[in-house]
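The structure appears right after this line, and notes come after that.
The values are calculated or read from the model by the stated rules, or taken from the named source; none is laboratory data. Only a predicted model underlies this, so the values are computations on that prediction, with no experimental measurement involved. Note that each Cβ is placed from the backbone with ideal geometry, even for glycine, and that neighbours are counted across all protein chains shown. Ligands, DNA and RNA are excluded from the accessible area calculation, which covers all protein heavy atoms including side chains. Shrake-Rupley method; radii C 1.70, N 1.55, O 1.52, S 1.80 Å.
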Amino acid sequence: MALSLDVAVQMDPLEHVDINGDSTFALMLEAQARGHRLFVYEVPTLALEEGVADRGTAAMQVSASVRPVTLRREKGNHASFGEAIRRNLGDMDVILMRQDPPFDMAYITATHLLDHVHGTGPGRALVVNDPRWVRDSPEKLLVTHFPQLMPPTLVTWDIGQIRAFRAKWRDIIVKPLFGNGGSGIFRIREDDQNLNALLEMHFVRSREPLMIQRYESAVKEGDKRIILVNGEPVGAINRVPSAEDHRSNMHVGGVAHKIGLTERDREICSTIGPFLKEHGLLFVGIDVIGNYLTEINVTSPTGLQELARFDGVNAAALIWDCIETKLGAESGER
């Protein structure tokens, strides 16, 4: 018997998504096509209530102001909402955690709240991705646990160390650890006199360290986004930077192209795949430049709609197959 699920999607405002590019929209359309009931809510409506009585035993309850929603692929008319109600998220079957970074304390706090409901069985909802491992897997820092896969890299507050790294590698990339969409990423060449000013500007505004990496000229040919579902690669797209920018992120003008997986890509995936699967990181997008892994995106990965257009791969369906299998195994459904 097919599962019929209540699915809550924690996301930025659905009204503003690009229906032809947004991966969350693709996931929701697939869920709706399978007969699942969709609800949306935004992080600021989350609430953790202490001491709710459950047969005389104190318990924690996480709720949110959710809106039932019906979707259609019609630009400007893509969503119809029902009345917002406050609902215990433990009564849902699935929660998709899909709000965009920055990965700041607000984001981290939301993962702590979802820890109280993540799981299967009564009073629990399967959160995708596992909130604990989203919290413990910052997308740039997680890569450092696989040093054999990454380019030369430095993470530090120490300006002297940064200067020494540039002196060694000459052409470097400077990026904040917890940004997204290519924001705040700079290329600094050997003769660039802006490094000191850039470091001063960053450390005046932030207490966070920076990540410094050797510039990889292969990025001119594209920054490959590989989609993994439950630790297995299902396809890739190539994001090529514009002539005016060194960054390939589509948010800043990068253009997506069709591309296949190389032997090195598969080696990278086979190395990190078991970790992702073991820790409930079901939907992941990794970034590969040339032969090097640069990021492991676990918060709100993108690329599903581009992959479907280029290769005909319905990764959203593969993700829901995996979710339904996990829930079916728990409930006895097959």
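Using only Cα atoms, what is the ratio of the radius of gyration of the range 9-76 to 2.2 N^0.38 Å? Intermediate results must be reported in sequence, preceding the final value.
Numbers: Rg = 15.7 Å, N = 68, 2.2 N^0.38 = 10.9 Å.
Computed over Cα atoms of the range 9-76, the ratio equals 1.43.
Charges on Cβ only, +1 for Lys and Arg, -1 for Asp and Glu, centred on the Cα centroid of the range 98-195; of Trp133, Gly121, Leu195, which one is farthest towards the dipole's positive end?
Checking the options against the dipole of the range 98-195, the answer is Leu195.
Quick one: 3J(HN,Hα) in Hz for the range 147-158, Karplus 6.51/-1.76/1.60 with θ = phi - 60°, rounded, Gly and Pro as x.
For the range 147-158, the Karplus-derived couplings read x, 6, 9, 10, x, x, 9, 9, 10, 6, 9, 7 Hz, x marking Gly and Pro.
Taking Cα atoms of the range 64-127, Rg/Rh with Kirkwood Rh, to two decimals?
1.03
Taking H placed 1.01 Å from N in the peptide plane, check which residues at least 5 places from Met211 or on another chain put their amide H under 5 Å from its amide H.
HN-HN under 5 Å from Met211: Lys175, Leu177.
With every protein chain left in place, what is the accessible area of Val229 in Å² (1.4 Å probe, nearest 10)?
10 Å²
To the nearest 0.05, how large is the calculated FRET efficiency for Lys168 and Ala197 if R₀ is 30 Å and r is the Cβ-Cβ distance?
The calculated FRET efficiency here is 0.90.
So for each of 36-42, 106-112 I average, over its residues, the number of other beta carbons within 10 Å; can you give me the resulting order with the highest mean first?
36-42, 106-112
Given the options Leu71, Pro147, Met97, identify the residue whose Cα lies farthest towards the positive end of the charge dipole of the chain (+1 on Cβ of Lys, Arg; -1 on Cβ of Asp, Glu).
Of the options given, the answer is Pro147.
Measuring from centroid to centroid over Cα atoms, what is the spacing of the range 293-309 and the range 192-208 in Å?
Each part's Cα centre sits 29 Å from the other's.
Give me the lysines in straight-line cross-link reach of Lys168: C-alpha distance below 28 Å, same-chain residues under 8 apart excluded.
Lys140, Lys220, Lys224
Suppose all protein chains stay in the model; what accessible area per residue would a 1.4 Å probe give for the range 87-131, in Å²?
Heavy-atom SASA per residue in the range 87-131 reads 35 Å².
Where does the Debye-calculated log10 I(q)/I(0) of the range 171-317 sit at q = 0.10 Å⁻¹, using only Cα point scatterers of equal weight, no solvent?
For the range 171-317 at q = 0.10 Å⁻¹, log10 I(q)/I(0) is -0.37.
Stokes-Einstein diffusion coefficient for the range 1-158 at 37 °C in a medium of 0.692 mPa s, Rh from the Kirkwood formula over Cα pairs: what value in µm²/s? Could the numbers behind the result be given before it?
Details: Rh = 17.3 Å.
This corresponds to a translational diffusion coefficient of 190 µm²/s.
Using each residue's phi in the range 315-324, evaluate 6.51 cos²θ - 1.76 cosθ + 1.60 at θ = phi - 60° and report the 3J(HN,Hα) Karplus result to the nearest Hz, with x for Gly and Pro.
5, 4, 5, 5, 5, 5, 4, 5, 4, 5
Would you compute the Debye intensity of the chain from its alpha-carbon atoms alone, equal scatterers and no solvent, and pass along log10 I(q)/I(0) at q = 0.15 Å⁻¹ to two decimals?
-1.29
On a full-extension model of 0.36 nm per residue, what is the gain between Thr325 and Met60, subtracting their alpha-carbon distance, rounded to one decimal in nm?
92.6 nm
Residues with amide H under 5 Å of Leu5's amide H, sequence separation 5 or more or different chain, H placed in the peptide plane at 1.01 Å from N; which?
Close amide H contacts, sequence-distant or interchain: His36, Arg37.
May I ask you to evaluate 6.51 cos²θ - 1.76 cosθ + 1.60, the Karplus curve with θ = phi - 60°, for each residue of the range 84-96 and list the ³J(HN,Hα) values in order in whole Hz, giving x for glycine and proline?
5, 9, 7, 9, 5, 5, x, 7, 7, 8, 9, 10, 8
Near the amide H of Asp223, under 5 Å away, which other amide H atoms are found, from residues 5 or more places off or on another chain, if H is placed in the peptide plane?
Residues meeting the criterion, in which the H sits 1.01 Å from N, are Arg239, Val240.
Can you check what the Kirkwood hydrodynamic radius comes to for the range 100-163, Cα pairs only, in Å to one decimal? Can you show the working numbers first?
Values: mean 1/r = 0.0705 Å⁻¹.
Value: 14.2 Å, from the Cα pair sum.
Can you pull the semi-axes for the range 73-228, root of five times each eigenvalue of the Cα gyration tensor, sorted largest first, whole Å?
Over the Cα atoms of the range 73-228, the ellipsoid semi-axes are 38, 18, 16 Å.
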